[in-house]
Amino acid sequence: MARIGRAIVRVPRRISKGQVFKVQMVITHPMETGFRKDKKTGKVIPAHYITKVEFLFNGKKVTTLHTGAGVSKNPYFAVKMKATESGTLTIKYEDNKGGKWSKEVKINVS
Amino acid sequence: MITRRDLFKVAGVGAVALTVAPGMVRESFGAPKKISIDDALKEHLGTGLSGLKESNLIHIKAPTIAESGANVPVQVSANIPVDQVEALYIFADANFNPWVATVEFTPMNGEVFFATRIKLAKTSPVRAVVKMKDGSLLAASKEVKVTVGGCG
């Protein structure tokens, strides 16, 4: 699955200064718990899940999520953020198998 | 002739081989062990269920009945100024590992808010625990009925 780690991030198109807005994201990821068995072979499917998601705005930390295998497949996360200025929201995320990705979104504050 | 001592030696070598085997192999040997909610709370918060203070400032939005335990939307918000809050924890009591997620907040968040979708093995309370900067723990929970479990 080459698509593991792809993310879609959604932020409001127009944000006014001082507004608290929602940042929503979905990551394509299997989120295997390590408890599930392959029905054909009977072997346990190794755990594979997102462990950390970091939200940085203009390089400053906004939120860090630590997640376990209890989060659903293709995880959805939403957090809120206060608009102070325009800039770049960088979302860095990694999984327990060493996968590391990042995604950048422009935030336009008017 | 195999003496009792020899047997121990063999057993010892076997045990060492098991511990040095790569993580993936080792995992498949041990059957998953259910971690109790109390232990999970202790591990992440340093205190068990008794250390939590029920609070009506925390709101959990989750379905009362979930058709599939594989995908249960959970939304947590709290009427607490974000600069007093350190982190938010989400637990699902009946899961093998009840800890689901931890969210660290900064004043840049503006509000204490987090939404995600979680797996539930079976009908159980979903707990949200807010860790305040002063160290106190505020909690809220909501029972979610699950008709089909979501953990394999």
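When both the range A:4-52 and the range B:68-143 are represented by their alpha-carbon centers, they are found 17 Å apart. Normalised by the number of residues in the range B:37-148, the average gap of Cα pairs under 8 Å and 6 or more apart makes the relative contact order 33 percent. Across the range B:55-60, computed HN-Hα scalar couplings (Karplus, 6.51 cos²θ - 1.76 cosθ + 1.60, θ = phi - 60°) run 9, 8, 7, 9, 10, 10 Hz from first to last residue, x flagging Gly and Pro. Rounded to the nearest whole Hz, the Karplus-based 3J(HN,Hα) values (6.51 cos²θ - 1.76 cosθ + 1.60, θ = phi - 60°) of the range A:65-82 follow the sequence 9, 10, 10, x, 6, x, 8, 4, 4, 6, x, 10, 10, 9, 9, 10, 8, 9, with x at glycine and proline. Of the residues making up the range B:78-108, those losing 40 Å² or more of accessible area when the isolated chain is joined by the remaining protein chains, with a 1.4 Å probe, are B:Trp99, B:Val100, B:Thr102, B:Glu104, B:Thr106, B:Met108. Among B:62-73, A:68-79, A:25-36, sorting by the average number of other beta carbon atoms lying within 10 angstrom of each residue, highest first, gives A:68-79, A:25-36, B:62-73.
The values are calculated or read from the model by the stated rules, or taken from the named source; none is laboratory data. Predicted model, so just to flag it, every value in this text is computed and none were measured. FYI the Cβ positions are ideal-geometry reconstructions off the backbone, even for glycines, and counts take in every protein chain you see. What goes into the accessible areas is simple: the full protein's heavy atoms, side chains included, and nothing from ligands, DNA or RNA. Shrake-Rupley method; radii C 1.70, N 1.55, O 1.52, S 1.80 Å.
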